[in-house]
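The values are calculated or read from the model by the stated rules, or taken from the named source; none is laboratory data. Values in this document were obtained by computation on a predicted structure and should not be read as measured data. Quick reminder, even Gly has a Cβ in these numbers, built from the backbone with ideal geometry, and neighbours come from all protein chains shown. What goes into the accessible areas is simple: the full protein's heavy atoms, side chains included, and nothing from ligands, DNA or RNA. Shrake-Rupley method; radii C 1.70, N 1.55, O 1.52, S 1.80 Å.
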Amino acid sequence: MIASPTNADEVWVCATGRLTGPQEERGVFHTTDGGKNWTRSLFVDPNTGCSGLSMDAKDPNTLVAGTWQVVMHSWGQYSGGPGSGVFITHDGGKNWKRVVGHGMPAKPVGKIDVAIAPSNSRRVYALMEAPGQGSVWRSDDGGENWQVMTWDRSLTGRAGYYINIEVSPTDENKLYVA
């Protein structure tokens, strides 16, 4: 959940939804009246939910979302597929653009978390479950172009449970990964 820094009644929620099968309660949801009414701002498909959401500290109309196509059962998890990706909006969620190419890993990818650096909103990070393709990507131009920063698989080794990335509030080069 992310609250707008300029309007306490405006809130964004990143919803993975029920992971045991297709359903509509997945994606990014938005309220402007403190939660009385909600609209779905980003929806990829019934098999894909939101797995990460970050807001630009200087412009609350700019958000980055990571999506995750997943089905989870007691006997196994099927993580990744065409629904997983990184999406960016600059108009408060009215229109989202999927980032394709420009240095991003090839499909399919799995669970994704995203973070915009509070001290430099042009710096965006994505922590991705992308076997054999790296684990942390960075953009220095607001999400247009990306480069892999590390291939350390331990950062996403149990992605279904633990995958979170945060940027230091004062140092755009310092990351925290859980």
Looking only at the stretch 143-178, and only at residues there that are part of a strand (DSSP E or B) and crowded, with 19+ Cβ neighbours inside 10 Å, the one that is farthest from the chain's Cα centre (by Cα): Leu175
Contacts under 6 angstrom Cβ, first residue in the stretch 75-92 being assigned to a loop (DSSP other than H, G, I, E, B), partner modelled with pLDDT of 95 or more and of a type in the set (A, V, I, L, M), 6 or more apart: Gly83/Val44
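Criterion first (hydrophobic (A, V, I, L, M, F, W, C) and touching a residue at least 40 places away in the same chain (Cβ under 8 Å)) does Ala15 satisfy it? Steps first, please.
Numbers: hydrophobic (A, V, I, L, M, F, W, C): yes; touching a residue at least 40 places away in the same chain (Cβ under 8 Å): no.
Criteria not met by Ala15.
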List every residue pair whose Cβ atoms lie under 9 Å apart, where the two residues are 6 or more positions apart in sequence or sit on different chains, the first residue falls within the stretch 156-178 and is free of Cβ contacts under 8 Å to residues at least 24 places away in the same chain and under 13 Å from Arg138 (Cβ atoms), and the second residue, located anywhere, is open to solvent by less than 100 Å² (accessible area, probe 1.4 Å) and assigned to a loop (DSSP other than H, G, I, E, B). Asn173/Ala117; Asn173/Arg123; Lys174/Ser168
In the stretch 55-95, which residues are of a type in the set (Ser, Thr, Tyr) and in contact with a strand residue (DSSP E or B) (Cβ under 8 Å, 6 or more places away or on another chain)? Thr62, Thr67, Tyr78, Ser79, Ser84, Thr89
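Considering the stretch 95-129 alone, what residues qualify as being free of Cβ contacts under 8 Å to residues at least 40 places away in the same chain, assigned to a loop (DSSP other than H, G, I, E, B) and of a type outside the set (A, V, I, L, M)? Step through it out loud before you land on a result.
From the stretch 95-129, those free of Cβ contacts under 8 Å to residues at least 40 places away in the same chain are 95, 97-98, 100-101, 106-109, 122; that's our starting set.
Within this subset, residues satisfying the condition of being assigned to a loop (DSSP other than H, G, I, E, B) are 95, 100-101, 106-108, 122.
Hits for the stretch 95-129 are Asn95, Gly101, Lys107, Pro108, Arg122.
Being under 19 Å from Lys174 (Cβ atoms), surrounded by fewer than 24 Cβ atoms within 10 Å (Cβ to Cβ) and more than 12 Å from the chain's Cα centre (by Cα) narrows it down to one residue among Asp140, Asp91, Asp59; which is it? Give the steps one after another, and end with the answer.
Values: Asp91 fails: under 19 Å from Lys174 (Cβ atoms); Asp59 fails: under 19 Å from Lys174 (Cβ atoms).
Residue meeting the stated conditions: Asp140.
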Within the stretch 62-74, the count of residues that are assigned to a strand (DSSP E or B) and buried (at least 16 other Cβ atoms within 10 Å of the Cβ) comes to 8
Please name all residue pairs, on different chains or six or more residues apart, with Cβ atoms under 6 Å, provided the first residue is in the stretch 22-33 and is touching a residue at least 40 places away in the same chain (Cβ under 8 Å) and closer than 22 Å to Ser4 by Cβ and the second residue is open to solvent by less than 20 Å² (accessible area, probe 1.4 Å) and part of a loop (DSSP other than H, G, I, E, B). His30/Gly93
